[in-house]
Amino acid sequence: MRIVQRCVGVVLSCAIAGSALGQTAPLASENVPFPLDTGPVGNHGEQPEVVFSAVIGVPDALWLRLTFDEVRLSGNHLKGTGSYLRITSSLDGAVQYLNAMHVAQWQRTSAYFNGDEVTLEIVAFPGTGDGNRLVMSEVIAGTFGPGDRSICGSTDDRVLSDDPRAARLMPIGCSGWLFDDCAHCFHTAGHCTSNLQVAQFNVPLSNANGSVNHPPPEDQYSIDPASLQTNGGQGVGNDYAYFGVFPNSNTGLTPVEAQGDWYRTAMPPPVQGQDIRITGYGTVSSPVPPQWNQVQKTHAGPYWSFSGTHLQYRADTTGGNSGSPVIDDSTGLAIGIHTHGGCTSGGGANSGTGYNHAGLQGYLANPKGVCECPSILFHYPDGVPAFLSPAGGEAFRVWVLPSDNAEPQPGTGLLHYSDGGPFQTVAMVEEEPNQYVAVFPSFDCGTNVRFYVSAQDTNGETWNDPKTEASAHAALAAYDLATIVALDFETNPGWTVTNTDLTDGAWERGVPVGGGLRGDPPTDFDGSGQCWLTDNVSGNSDVDGGPTTLTSHLIDLSGTIDPIVSYARWFYNQSPDIDRLTVEVSNDNGATWKVIEIVAHTDGWALKHWRIADFVAPTASMRFRFSAVDNPNNSVTEAAIDRFRIDDPICEPPCPADFNGDTVVNSLDVLAFLNAYTTNDPRADFNGDTVINTLDVLAFLNAFNEGCP
């Protein structure tokens, strides 16, 4: 079912943002009626398919955000066989994926999408029946409104910056920042929390009229309401908040994992002639370019005064800067939270709340939600397994350690695991007090198993590691991975290049020669020397027009169990517009294609892994392709691909007599076989004749006597 529906007759008005002192810049928007009810829809076929599609548009909207009254998605999202929503921007191709858990975390809303139109799809897996339904009554449509100023002097001296630790908070229009608590959560101003919903990183430039653009959904994070602690803003020197966000619904990463850094904090020092730096997402007015509106900018100015918990400084700010870190520029440490404007061309100073505020420190001593830190610590001396023996018996060691807050309670260690259904719980074996061995049961080969451990402290409180089922470890039930394809691109197995409306910058294979000076990679990813990259020249290298498309050779994946494709990609995109790297897969020799990912921009090489069956059924006619575009030709755009691999689980143990897969042939293997034999476990058909009888016992004993090579 496909519906094309656009709201008409809607006038989008502008809202004046900000206040006289508190420096917010609320995202101007209107709630536009948009009734939609999919009714029950399902998949009765044999492959995952789109069972509902609608084009949702609001004419002249600057951006859209969907809100849902009801969402029912059938199937099991933990096993990767649950239905999900796929929302795609018509303007720039940005995509968000939301399963049932993500819909709850995003509180029945979507990310922000640039442009006035998106495609909403329900993707269902076979056997999910008609249990899917979506109901919505309105969509949030973006308008544009100006903010206030508090510039210290006659000119706005802020410059563009790209600090990975600072975020834009929407729709309130404030700034927030990652800091050094144990969970790397956020600070912002207390008066920014009345409408705090989404944290955005890697924000692109705004449009020529100053209206904001949004980063792709993989750079947007939904706030955890349970984590929020705020005093609501009670004036200068008394305005602070502490909160966290859920992992990204597309990538599964937390902000600190994706951004790779956070601010280090300290108590405010005395004023000794140092500068204060404010980095955040303030508004602009002429003569500052409108494209800088509510994108990240920074400026340093004199540290003015410090009294009680009130900080003052003469660094330029505007509406939207509320919540920014107050940084001691001499040390790089964050010493407070910027909250209020006060600078004018004739004097005055801007204000913030010092990190020494007792109320703020009280919040930090009692984190909540995703910011909560365990009172006991978990250590894995041998690491966490990435593979589990399908036969069962796979084990890893878990040490539960004290922290500054509590001692672990012996005998309370538990292993929790799921093969796609509800989590099951078994006691871990305690070898020494608080030193455990976690042992897994058997699983079907190819099963993606999620697991976490827990223990109690001496106060009786239970702690998990990782904290939630959603963030649990993952391992593949297999003895190993068989490599089907492994390419370092020192040779070409038959990959081809196709160019459409391209004037320069086609894919080519070689050793990078540009030195990384114009967005191109300075070296390949795996160190072999060569990779595929666009316009491999020294100097003015760049994709112009396009797309230029790199297509793989034909790959046979028939007979595989659950193949995984991985590749290293590089995509530098200077444009805030629509230039993208698109990765696609085909299982019919290129007749049809499914999108794996659409990349807006990355910092350096990124290694990506994807389960092929999440997109198409593996066949003997597989191809993959990578398309880079700079159209319109208005920016520096460079792409590269290296280390392309496809791996598949190995389901036969390397030694048949090693029945439990622990790499040792001993009496435990005999016990494991006899247990399988008495329970009619299919694995007990040792001779493979489809009948479980005494011939299997004899076959196993012969293998056991022979041992392993």
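No value in this document is a laboratory result; all are computed from the given coordinates. Quick caveat: nothing in here was measured; it's all calculated off a predicted structure. Here the Cβ is made from the backbone with ideal geometry for all residues, glycine too, and neighbour counts use every protein chain on show.
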Can you tell me which of 388-395, 472-479 comes out highest on packing, and rank the rest after it, using the mean Cβ neighbours within 10 Å?
388-395, 472-479
Enter the Cα centre distance for the pair the range 442-459 and the range 59-103, rounded to the nearest angstrom.
29
Translational diffusion of the range 29-142, µm² s⁻¹ [Kirkwood Rh, Cα pairs; Stokes-Einstein; 20 °C; 1.002 mPa s]
152
Sort 368-378, 113-123 for me by packing, meaning the mean count of neighbouring Cβ atoms within 10 Å per residue, highest on top.
113-123, 368-378
Would you mind computing Rg(Cα) / (2.2 N^0.38 Å) for the chain, counting N as its residues?
1.05
What value in Å³ per residue do you get for the convex hull of the alpha-carbon atoms in the range 667-706?
56
The distance between the Cα centres of the range 191-249 and the range 382-438, in whole Å, is 36
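Treating only the Cβ of Lys, Arg, Asp and Glu as charged (+1, +1, -1, -1), what charge dipole size does the chain show about its Cα centre? Round to the nearest 20 debye.
On the way: 32 positive and 79 negative charges, 417 e Å.
Approximately 2000 debye in magnitude.
Can you work out the FRET efficiency for the pair Glu461 and Thr109, with r the C-beta to C-beta distance and R0 = 30 Å, to the nearest 0.05?
On the way: r = 33 Å, r/R0 = 1.09.
Result of the calculation: an efficiency of 0.35.
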Segments 184-193, 65-74 sorted - mean Cβ within 10 Å per residue, highest first:
184-193, 65-74
Neighbour net charge for Tyr84 - beta-carbon separation under 11 angstrom, K R +1, D E -1:
-1
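Per-residue ellipticity at 222 nm for the chain, helices alone: DSSP H runs ≥ 4 residues times -39500 (n - 2.57), over residue total, nearest 500 deg cm²/dmol? Display every interim value, and only then the final one.
Numbers: 5 runs with 44 residues, N = 709.
Theoretical 222 nm ellipticity from helices: -1500 deg cm²/dmol.
Is the range 316-447 rounded, prolate or oblate when judged by the Cα gyration tensor, a ≥ b ≥ c being the square roots of its eigenvalues, rounded requiring a/c under 1.5 and prolate requiring a/b larger than b/c?
Values: a/c = 3.84, a/b = 2.59, b/c = 1.49.
Taking the square roots of the gyration eigenvalues as a ≥ b ≥ c, the range 316-447 is prolate.
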Tally Lys and Arg at +1 and Asp and Glu at -1 over the other residues with C-beta under 15 Å from the C-beta of Gly273: what net charge comes out?
-1
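How many lysine pairs in the chain, separated by 8 or more positions in sequence or lying on different chains, have Cα atoms less than 24 Å apart? Please list the in-between numbers first.
Numbers: Lys79/Lys467; Lys79/Lys594; Lys79/Lys608; Lys368/Lys467; Lys594/Lys608.
Number of lysine pairs found: 5.
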Out of Leu668, Val697, Pro653, whose Cα points farthest toward the positive end of the dipole of the range 607-709 (charges: +1 Lys, Arg; -1 Asp, Glu; placed on Cβ)?
Pro653
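Fully extended, how many nm does the chain gain between Glu490 and Asn666 (0.36 nm per residue separation, minus their Cα-Cα distance)?
Values: separation 176, 0.36 × 176 = 63.36 nm, distance 4.47 nm.
The Glu490-Asn666 span can extend by a further 58.9 nm.
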Which residues does a label at Asp603 reach in the range 148-186, if reach means a backbone N under 15 Å from a point 7 Å past the Cα toward the Cβ?
161-168, 177-179
Mind checking the angle between helix 694-706 and the chain's longest principal axis? C-alpha axes, 0 to 90 degrees, to the nearest 10.
80
Taking the dipole of the chain about the Cα centre (Lys, Arg +1; Asp, Glu -1; charges at Cβ), the one of Thr551, Ala28, Val256 that reaches farthest to the positive side is Ala28
Cα point-scatterer Debye curve for the range 376-478, base-10 log of I(q)/I(0) at q = 0.16, 0.22 Å⁻¹:
-0.64, -1.14
Ala386-Thr592 FRET efficiency (beta carbon distance; Förster radius 51 Å; 0.05 resolution)
0.95
